[in-house]
1. Among the residues that make up segment 193-205, is at least one of them modelled with pLDDT of 95 or more and farther than 14 Å from Leu62 by Cα?
2. Which strands (runs of 3 or more DSSP E) sit wholly inside segment 1-74 and have at least 1 residues that are crowded, with 19+ Cβ neighbours inside 10 Å, at pLDDT 95 or above and among the hydroxyl-bearing types (Ser, Thr, Tyr)?
3. Tell me yes or no: at least one residue of segment 158-177 is among the aliphatic types (A, V, I, L, M), farther than 30 Å from Ser300 by Cβ and over 28 Å from the mean Cα position of the chain (by Cα).
4. Filter segment 85-114 down to residues that are assigned to a strand (DSSP E or B), under 24 Å from the mean Cα position of the chain (by Cα) and touching a residue at least 60 places away in the same chain (Cβ under 8 Å), then give me how many there are.
5. Could you list, in sequence order, all residues of segment 1-21 that are over 23 Å from Ala450 (Cβ atoms) and touching a residue at least 24 places away in the same chain (Cβ under 8 Å)?
6. Filtering segment 230-244 down to residues that are basic (Lys, Arg) and surrounded by fewer than 18 Cβ atoms within 10 Å (Cβ to Cβ), which residue is modelled with the lowest pLDDT?
7. List pairs: first residue in segment 414-426 and touching a residue at least 12 places away in the same chain (Cβ under 8 Å) and of a type outside the set (S, T, N, Q), second residue crowded, with 24+ Cβ neighbours inside 10 Å and part of a loop (DSSP other than H, G, I, E, B) anywhere in the structure, Cβ distance under 6 angstrom, at least six positions apart or on different chains.
8. When segment 368-397 is examined, which residues are found to be over 25 Å from Ala317 (Cα atoms), of a type in the set (D, E, K, R) and not in a loop (DSSP other than H, G, I, E, B)?
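The values are calculated or read from the model by the stated rules, or taken from the named source; none is laboratory data. From a predicted model like this one, the values you see are computed outputs, not experimental measurements. We place every Cβ from the backbone using ideal geometry, glycine too, and count neighbours over all the protein chains shown.
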Amino acid sequence: MKLFYGGTIYTMQREGHKVKAVLVDDNRIVALFDEVPKVKAEYIDLQGAVMFPGFVDTHIHLVGTGMALASVNFKDDVSIEDVKEKLRAAAQQLPRESWLVCEGYNDNQLKHRLTRDEIDELTDCRVIIKRVCRHAAIVNSAAFSALCIEDEVQDMDGGHFEKTEGRLNGWVHDHAMDLFVNASLNETVDSLARHMERAARGMHAVGLTGAHTEDLGYYNSPENVLAAYTQVFGKNKMQLRLNLLRHYSVFESVADYVFTDWLKKDAMKFYADGALGGRTALFREPYSDQPDTRGLAIFSQEELEEQVQRARHHHSAVAVHIIGDKACEMVLDAIEKYPLRSGHDRLIHVSFLSPDLIARMKNLPLICDVQPLFATSDFPWAIDRVGEARSRYAYAWKSLTEAGIMLGGGSDSPIESFNPLKSIDAAVNRRPFDAQNQYFTEECLSIYEAIQLFTVNAAMIGQRPENGMIKEGYLADFTVLETDPFTAEHIGDICNKMTIVDGDIVYRR
């Protein structure tokens, strides 16, 4: 047995509830104490640290996160010259016909939008540079040639090829981008396993004990992805509790896979629209900064309803990517027409809402899977993109909470940092970490509400009734922080000290 003591222990059973010690037998919590007891156990002194139920990220791409940790990434670059130099240096290490896949390009931050011709001047490799939202990318001429795509190409369902005066300029969106990403992939079970292990180590280091991930539809073989999951995760392996969302393109093909408590099956995932950065998020009204477009519908209304019906046929919930208000309206129409008999549907992101949509949502069996860091990344330029009026209900976490709609907290890593303390900070303060301006503070969550996103709520959303609180009979998953977030000046700067999964210490600082 192990006894955790010597710090502040928040149970999350209710706001402010604390105990002095927690006794664990094997992987279960067997007792809580208001004073440190004398018991026959291994005493683990928290040394003044702060313990919570294990933090869980409700929306991540585990394989993509592992790949991004080892790839060329432009997310922290502040000048286009730095981007070009990094790209040139990486390309010089590769044979001419290799694919060079880069991450994290942010044209809003860099104040520059790369073109195909600029990349052509740097390298003959086949280049894909994913925009930070991962719903758009810039590719070069060698990439177009590899796929035999020429200027005459037409847009595809759910995908857009940008052109300037009739010539492809290199920017590809959503399903059009997927063509290039899929062509670049050559992953084996072992390489996928390495990506997963790399991501899991990083997640343990920031205090994550579990995650809801979506990887099955992207690496040309869902069977290989599942084999890698099985190889990496479990007791006496990498200990991370995972819920696996099942991409609509492979939903039936993974139906016979035997899921476990470490690898739990979850809803059918699909997309209703694109992303705000590339102006493919779908809105009721045109973009304020580009009035000739309202965004991109990945599916028609009829096709959306067919996807919901398909999930219902398999007694499954749906998990739908939604950014714009029109996309949300279409999805609500579909799930109202084909209601879920038990459980809850999952609306992912729901970045831009309105009072009428929230009123409809509160009457449905659904939860919202929100990404607090989107607000810190997207403001203030999001206001320029869609206007002040629509921005009032952007990232409307407090309005959703007050409507009685449960929220889970996710990062969408590798799009945003998977450090949950940064997300909690964003949910509470709604401002970039290096800025003073807060945006629409009426939508800020309290610190307790923000921590609930990653503990109590995450467990309920993941249908894991033995997680989310420190309570007798619950699983011994804990996150131990160096500083108390309820009193810290900067929550996002708090460091994780220790991570415990299934009663085992998997990370110690």
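1. yes
2. In segment 1-74, 2-10, 55-60 are the strands (runs of 3 or more DSSP E) which contain 1 or more residues that are crowded, with 19+ Cβ neighbours inside 10 Å, at pLDDT 95 or above and among the hydroxyl-bearing types (Ser, Thr, Tyr).
3. Looking for residues that are among the aliphatic types (A, V, I, L, M), farther than 30 Å from Ser300 by Cβ and over 28 Å from the mean Cα position of the chain (by Cα), one finds none in segment 158-177, hence no.
4. Within segment 85-114, residues that are assigned to a strand (DSSP E or B), under 24 Å from the mean Cα position of the chain (by Cα) and touching a residue at least 60 places away in the same chain (Cβ under 8 Å) number 3.
5. If the condition is that a residue be over 23 Å from Ala450 (Cβ atoms) and touching a residue at least 24 places away in the same chain (Cβ under 8 Å), then Met1, Lys2, Leu3, Phe4, Tyr5, Gly6 are the ones that fit.
6. Going through the qualifying residues, I end up with Lys235.
7. Phe418/Ser411; Pro420/Phe454
8. If the condition is that a residue be over 25 Å from Ala317 (Cα atoms), of a type in the set (D, E, K, R) and not in a loop (DSSP other than H, G, I, E, B), then Asp378, Asp384, Arg385, Glu388, Arg390 are the ones that fit.
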